[in-house]
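Visitor: One structure, as structure tokens, below. Some questions next.
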Amino acid sequence: MSTARYEPVIGLEVHVQLKTQTKVFCGCANDFGAPENTQTCPVCLGLPGSLPVLNAEALRSAAKVGLALGCRVRSFTKFDRKNYFYPDLPKNFQISQYDLPLAEHGRLAVEGGGVSREVRIKRVHLEEDAGKLLHPEAGGSSLVDFNRSGSPLLEIVSEPDIFSPEEAYVYLTGLKLLLQYVGVSDCDMEKGTLRCDANVSMRPAGTTGLGIKTELKNMNSFKAVRAALEFEITRQTGALEAGERLVQETRLWDEEKQATRSMRSKEEAHDYRYFPEPDLPPFTFSDADLEVLRRELPELPLARVRRFCSTYGLAPKEAAVLIASKDMADFFEEGAHLFQEVKKVAHWLMGPVLAQMNARGVSLDQLGLSPASLVELIRLVEDGVISQLAGKDVLGAMLDSGKGPAQIVKEKDLAQMSAEGALGAIVDEVLEKNEKTAADYRQGKESALMFLVGQVMRSTQGKANPKVAQELLRKRLTS
Ligand SMILES: [Zn+2]
């Protein structure tokens, strides 16, 4: 690869839908899963004479995100009109924020995938979403659903601080996790509650200026963002090395072709003619207001990773897996309070429980497992009542039936034979049948012992506690 002569500079613009009860400037339900055009009113349909009223919950959620991102939240903020025409925007302007965004100058610690640094956040502002255009497959006229029109949307813009597609991917994953912890959005890219545009330019390696950038749109997953950036970096590098002049343009990602294509160049770019929204007064936050919001913030993902490492002695990688979903992290903590060997709880969660979630295609809360019943199962394994392997089967049976682990062990007769009396007879029998192997062991062939343990397991249909069987055999053979 000859990309070393040039290095990419990437900035990301993320839009997240806030999951408030009602829309941002009217009382309509914020529910665009409802039948088309049933959640509308004169305000979100943009009818003349209707007046917007700001949803306080949306403003508070937006400010919380600003605080979680370490931004300076403005004590005085206002809304502006961004003028443009598009069929999904009935007013012909969007209420957004221009020169006084709600929050600025934040940072997001980006950790994972070999990346560990901070990306500066340029701004966070609140605006309204547009309607959704529907293009019937049979052809004919396009339709528009205004249920989404006026939904609260948060725009989060990074500084051009990202230097590889992988870093972009890690940034997006971290941002999504943060937003889910703050609890303001589902951040589901497939449902459109999180959308991401990226801009990327190339500059000679080791310099600090910015090259001609392209803006990338139409990516439907974080993987698509990474793929689009990789494609664009290769394309721009090739053009620069061939001595071609790049143009500032917007390009669309084509998922099927795994390529970008030009949508519009800068000459066609919009002039939005921003001006202050005359129908909404400016809004103010006092220090006390911000302090209340700050106190409402939960422990954020990175802080939680650090605490899991220091309090429970987990490795950073283990902690990162557990906190990747807030439910999983909460479940672990509850389990850790019930069982002293917290690492065992962590390993059961990251191993067998995660495997069950993946196999069943469900989230942890859909699994129907409680921390108490998982800990009860772990105890049965640790006390030697059942083997580790049987424990995994019991977990599956618990999830299938909703029964407790002890009941399943009893019903399926899975308890291990640990009693020396019962096992002793079988051990004697095995030694009688395998005199030669026993002799081999006495002469120093260590592997012979494992063979004999295997025989004991076989004649008990796997129910012997292998540890006890091994001890009994060793005792008999060395006495
Ligand atoms: Zn409405």
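The values are calculated or read from the model by the stated rules, or taken from the named source; none is laboratory data. Note that the structure is a prediction, hence the values are computed from the model and not measured. Glycine also receives a Cβ, built like all others from the backbone with ideal geometry; neighbour counts cover every protein chain displayed. Surface areas here come from the heavy atoms of the whole protein model, side chains and all, with no ligands, DNA or RNA. Shrake-Rupley method; radii C 1.70, N 1.55, O 1.52, S 1.80 Å.
Visitor: How many Å² of accessible area per residue for the chain, probe 1.4 Å?
Guide: Normalised by residue count, the accessible surface of the chain is 50 Å².
Visitor: Testing the spin-label approximation: label points 7 Å from Cα along Cα→Cβ at residue 244 and residue 271. State their distance in nm.
Guide: 3.0 nm
Visitor: When a/c is below 1.5 the answer is rounded, else prolate if a/b is larger than b/c, else oblate, so apply that to the range 77-136 with a ≥ b ≥ c taken from the square roots of the Cα gyration tensor eigenvalues.
Guide: Oblate is the answer for the range 77-136, as a/c is 1.5 or above yet b/c matches or exceeds a/b.
Visitor: Sticking with this one: I need the shape label for the range 420-478. Rule: rounded when a/c is under 1.5, else prolate if a/b > b/c, else oblate, with a, b, c from the alpha carbon gyration tensor.
Guide: Prolate is the answer for the range 420-478, as a/c is 1.5 or above and a/b outweighs b/c.
Visitor: A further question on this structure: Probe 1.4 Å, all protein chains in place: accessible area of residue 181 in Å², nearest 10?
Guide: 10 Å²
Visitor: Let me ask you something else. Would you check the accessible area of residue 188, probe 1.4 Å, heavy atoms only, in square angstrom rounded to 10?
Guide: Ignoring ligands and nucleic acids, residue 188 comes out at about 50 Å².
Visitor: In nm, give the distance between the simple-model label positions of residue 29 and residue 186, each being 7 Å from the Cα along the Cα-to-Cβ direction.
Guide: The modelled label-to-label distance comes out at 1.3 nm.
Visitor: Could you order peptides 450-459, 358-367, 54-63 by the average number of other Cβ atoms within 10 Å of their residues, highest first?
Guide: The densest-packed peptide leads the list: 54-63, 450-459, 358-367.
Visitor: Which percent of the accessible area of the chain is formed by carbon and sulfur heavy atoms (probe 1.4 angstrom)?
Guide: 51 percent
Visitor: Compute the Rg/Rh shape ratio of the range 230-328: radius of gyration over Kirkwood radius, all on alpha-carbon atoms.
Guide: 1.21
Visitor: Mind jotting down a quarter of the surface of the convex hull over the alpha carbons of the range 300-411, in square nanometres, one decimal?
Guide: It is 6.6 nm².
Visitor: Too long at a 18 Å Cα-Cα cut-off: which of 344/392; 343/410; 436/467; 191/223; 191/217; 19/191?
Guide: The answer is 343/410; 436/467.
Visitor: Separate question: Using alpha carbons only, how many degrees (0 to 90, rounded to 10) separate the axis of helix 301-312 from the longest principal axis of the chain?
Guide: So the helix axis and the longest Cα principal axis differ by about 20 degrees.
Visitor: Bin by bin, in steps of 5 Å, what percent of the Cα pairs in the range 97-217 do you find, going until the bin that has the longest distance?
Guide: Bins of 5 Å from zero give 2, 8, 15, 19, 20, 13, 9, 7, 4, 2, 0 percent of pairs.
Visitor: Something else: For the chain, take every pair of Cα atoms, bin their distances at 20 Å starting from 0, and report each bin as a whole percent.
Guide: Going from the shortest bin to the longest, the percentages are 19, 40, 25, 13, 3.
Visitor: So if R0 is 25 Å, what FRET efficiency would residue 50 and residue 286 give, r being the distance between their Cβ atoms, rounded to the nearest 0.05?
Guide: Efficiency for this residue pair is about 0.25.
Visitor: Packing-wise, with mean Cβ within 10 Å as the measure, how do 243-256, 463-476 rank, highest first?
Guide: 463-476, 243-256
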